[in-house]
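Only one structure is covered here, and it is reproduced in the block below.
The values are calculated or read from the model by the stated rules, or taken from the named source; none is laboratory data. A quick note: this is a predicted structure, and the numbers were derived from the prediction, not measured. In this analysis, Cβ positions are derived from the backbone assuming ideal geometry, glycine residues included, and neighbour counts consider all displayed protein chains. Keep in mind that these areas ignore ligands, DNA and RNA; they rest on the heavy atoms of the full protein, side chains included. Shrake-Rupley method; radii C 1.70, N 1.55, O 1.52, S 1.80 Å.
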2 protein chains.
Amino acid sequence: MKKRLRDLGEDALIARLLRGFPGGENLRVGPGDDCAVVDPGRGLLRLLKTDAIVEGVHFLPDTPAAKVGWKAVARVLSDFAAMGGVPEHLLVTVAVDPAKPVAWMDGLYRGIRKCLATHGGVLAGGETSRLPSGAMISVAGEGRVERKHLILRSGGKPGDLVVVTGRLGGSIRGKHLTFTPRLNEAAWLVRNLRPSAMMDLSDGLAKDLPRLAEASGCGFEFGEVPATRGCTRAQALGDGEDYELLFTVSPRRWIAAAGQWPKDFPQLSIIGRLCPPGQGASLAGGWDHFSP
Amino acid sequence: MKKRLRDLGEDALIARLLRGFPGGENLRVGPGDDCAVVDPGRGLLRLLKTDAIVEGVHFLPDTPAAKVGWKAVARVLSDFAAMGGVPEHLLVTVAVDPAKPVAWMDGLYRGIRKCLATHGGVLAGGETSRLPSGAMISVAGEGRVERKHLILRSGGKPGDLVVVTGRLGGSIRGKHLTFTPRLNEAAWLVRNLRPSAMMDLSDGLAKDLPRLAEASGCGFEFGEVPATRGCTRAQALGDGEDYELLFTVSPRRWIAAAGQWPKDFPQLSIIGRLCPPGQGASLAGGWDHFSP
């Protein structure tokens with residue numbers, strides 16, 4: 001029987017596709033983290049990221065276009081935050097059914113503009129194409145991060161606490177269109193708490209925590225999860241699109257900084273601990289683009 | 001009546017969408033040229049580009065996947081060439097129907113790998129998403145160019161000759177999937193002929209020459225066009241997807257360099273001349289994503 005993409009799962013697919021691509025001299029981090037990292041040799045590191053949202057998958061035909069634009073950009077900014085960085089230049093590609101009203105496109109760009117005005121980043125270019133039906137918005141961009149503030153998924157160590165910002169689950173009720181990318185929080189964390197590993201939660205904790213632990217060469221244990229009001233534990237683990245920060249930090253640093261975060265910070269919850277590889281819990285579920 | 005995207009046309013749409021976006025401190029060239037240009041203050045300039053191809057628009061469901069991958073990347077490399085630069089780091093986003101065979105995706109990445117191995121550039125990251133049907137490949141990337149080699153669309157002057165590489169028209173017969181991005185040619189041109197303005201031909205000379213002339217604040221006159229064998233003049237002007245270089249050069253430089261280009265160079269043809277604004281010819285046709 002012919003193997004289809006949906007038979008393979010997203011992580012296995014990506015691992016398969018990336019075989020045989022050489023790295024580059026200046027490419028410090030390639031595929032597999034929230035952003036790629038380019039080291040120009042001196043000064044700030046450059047972050048590169050691309051992401052896309054699709055009508056019928058990430059938003060609906062009747063979702064207000066300004067919210068679609070906000071979401072498309074905020075997802076990329078969330079990835080810059082997850083590396084400890086800030087956005088610089090964004091490129092927006094829109095492929096869209098030519099029968100869409102011009103007002104829809106106006107709304108889309110209003111949302112893009114609002115997100116950039118609120119969180120930083122400059123629209124540097126883009127591309128438009130027709131799509132046979134629906135719409136897809138692809139956003140790529142570059143950001144910057146100071147060397148000492150860069151945080152990868154791979155820096156966690158056994159014993160590190162696992163922490164999330166905010167509450168998880170139920171994003172589909174509205175948050176997935178209006179969320180605040182955690183740039184301010186990340187900026188504070190990298191300067192004060194100095195997490196050992198960090199990523200943003202896009203596919204659900206059940207999918208993303210194992211990814212972080214694996215990248216760090218660790219297992220993990222976990223307990224209570226801060227669920228959004230009205231959400232079950234299963235929803236908090238599996239719904240996805242939380243766009244909160246998941247990070248690990250040594251107990252020593254956590255205790256030293258405890259209670260010092262800014263007043264307007266979202267809730268910080270310890271949900272578990274990294275442990276040696278092969279030990280600890282396992283998790284299943286979360287969002288997979290290519291599962292049935 | 002509600003205005004649809006197809007009623008507006010691509011250039012008018014883009015101009016409308018980009019109103020109200022502030023520039024950035026380091027952004028030397030924003031939307032409107034083949035690439036955006038970032039000036040980091042010293043050293044090489046950075047080029048940023050994003051582009052996308054869509055099943056049913058830029059390729060067909062039965063187009064060999066490796067050719068689709070080649071095309072997706074080569075289009076972006078062609079834009080780096082058009083600025084006088086070279087590619088560095090590429091990001092590839094694929095949105096695809098989960099029912100596609102895994103072999104299709106393997107083929108796609110084989111084509112991407114081959115194009116990068118042939119022409120330079122490193123795959124730095126990417127993203128996959130499901131699409132309700134068909135496939136879309138979005139490629140973004142950064143390149144570099146020496147300050148003195150940067151060529152914009154806007155540098156042409158009245159009296160400059162208008163020149164194209166290769167032959168135009170009929171790309172749909174196959175060239176649009178297998179073309180060579182003109183990186184080598186551009187590298188020679190910026191070092192030796194020093195064009196005053198340059199762009200790559202993607203939407204057809206009838207669409208792209210007026211864009212270059214307008215960006216340069218000039219009118220244009222034009223005569224014979226080097227058509228692909230078997231193509232009419234109308235096809236050479238309007239088919240699009242030629243991925244040849246269109247550039248302008250002062251007659252003095254042209255004469256000084258005449259006949260000195262490398263033996264493996266494609267044909268170089270003078271097709272016209274820039275003139276003061278408001279004078280010269282006009283052109284209609286070419287490819288518009290949002291025309292009916």
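Structural remarks
- For segment A:223-236, filtered to residues that are in contact (Cβ under 8 Å) with a residue 60 or more places away in the chain and open to solvent by 50 Å² or more (accessible area, probe 1.4 Å), the residue that is nearest to A:Thr248 (Cα to Cα) is A:Gln235.
- Annotation: of all residues in segment B:110-125 being open to solvent by 40 Å² or more (accessible area, probe 1.4 Å) and out of contact with any Gly (no Cβ under 8 Å at 6 or more places or on another chain), the one that is nearest to B:Glu142 (Cα to Cα) is B:His119.
- Looking at A:Arg46, A:Arg19, A:Arg42, A:Arg110, just one residue is of a type in the set (Lys, Arg), facing chain B (nearest Cβ under 10 Å) and in contact with a strand residue (DSSP E or B) (Cβ under 8 Å, 6 or more places away or on another chain), and that residue is A:Arg46.
- Selected residue (criterion: farthest from the other protein chains (Cβ to nearest Cβ)) from residues of segment B:22-39 that are open to solvent by 80 Å² or more (accessible area, probe 1.4 Å) and more than 28 Å from B:Arg182 (Cβ to Cβ): B:Glu25
- Of all residues in segment B:85-100 being open to solvent by 10 Å² or more (accessible area, probe 1.4 Å) and over 21 Å from A:Phe21 (Cβ atoms), the one that is farthest from the other protein chains (Cβ to nearest Cβ): B:Asp97
- Screening B:Val163, B:Val139, B:Val190 for residues that are assigned to a strand (DSSP E or B) and surrounded by fewer than 23 Cβ atoms within 10 Å (Cβ to Cβ) leaves exactly one candidate, B:Val163.
- Verdict on A:Val57 being of a type in the set (Val, Ile, Thr) and surrounded by 18 or more Cβ atoms within 10 Å (Cβ to Cβ): no
- Among the residues of segment B:1-16, those that are touching a residue at least 12 places away in the same chain (Cβ under 8 Å) and facing another protein chain (nearest Cβ under 7 Å) comprise B:Leu5, B:Arg6, B:Leu8, B:Glu10, B:Leu13, B:Ile14.
- When A:Gly134 is tested against (1) open to solvent by 10 Å² or more (accessible area, probe 1.4 Å); (2) closer than 26 Å to A:Ala234 by Cα, just one condition goes unmet, and that condition is (2).
- Scope segment B:143-160; condition basic (Lys, Arg) and surrounded by fewer than 20 Cβ atoms within 10 Å (Cβ to Cβ); matching residues: B:Arg144, B:Arg147, B:Lys148, B:Lys157
- Entry remark, segment A:237-284: residues being in contact (Cβ under 8 Å) with a residue 60 or more places away in the chain, closer than 18 Å to A:Pro210 by Cβ and surrounded by fewer than 16 Cβ atoms within 10 Å (Cβ to Cβ) number 6 in total.
- Qualifying residue in segment B:72-83 (condition: over 20 Å from B:Glu127 (Cα atoms), among the small types (Gly, Ala, Ser) and surrounded by fewer than 21 Cβ atoms within 10 Å (Cβ to Cβ)): no
- Residue check for B:Arg211: part of a strand (DSSP E or B), in contact with a strand residue (DSSP E or B) (Cβ under 9 Å, 6 or more places away or on another chain) and open to solvent by 20 Å² or more (accessible area, probe 1.4 Å): no
- Cβ-Cβ contacts under 7 Å between residues 6 or more apart (or on different chains), taken from a first residue in segment A:52-68 that is charged (D, E, K, R) to a second residue that is open to solvent by 10 Å² or more (accessible area, probe 1.4 Å), are listed as A:Glu55/A:Pro61; A:Glu55/A:Gly134; A:Lys67/A:Leu177; A:Lys67/A:Thr178.
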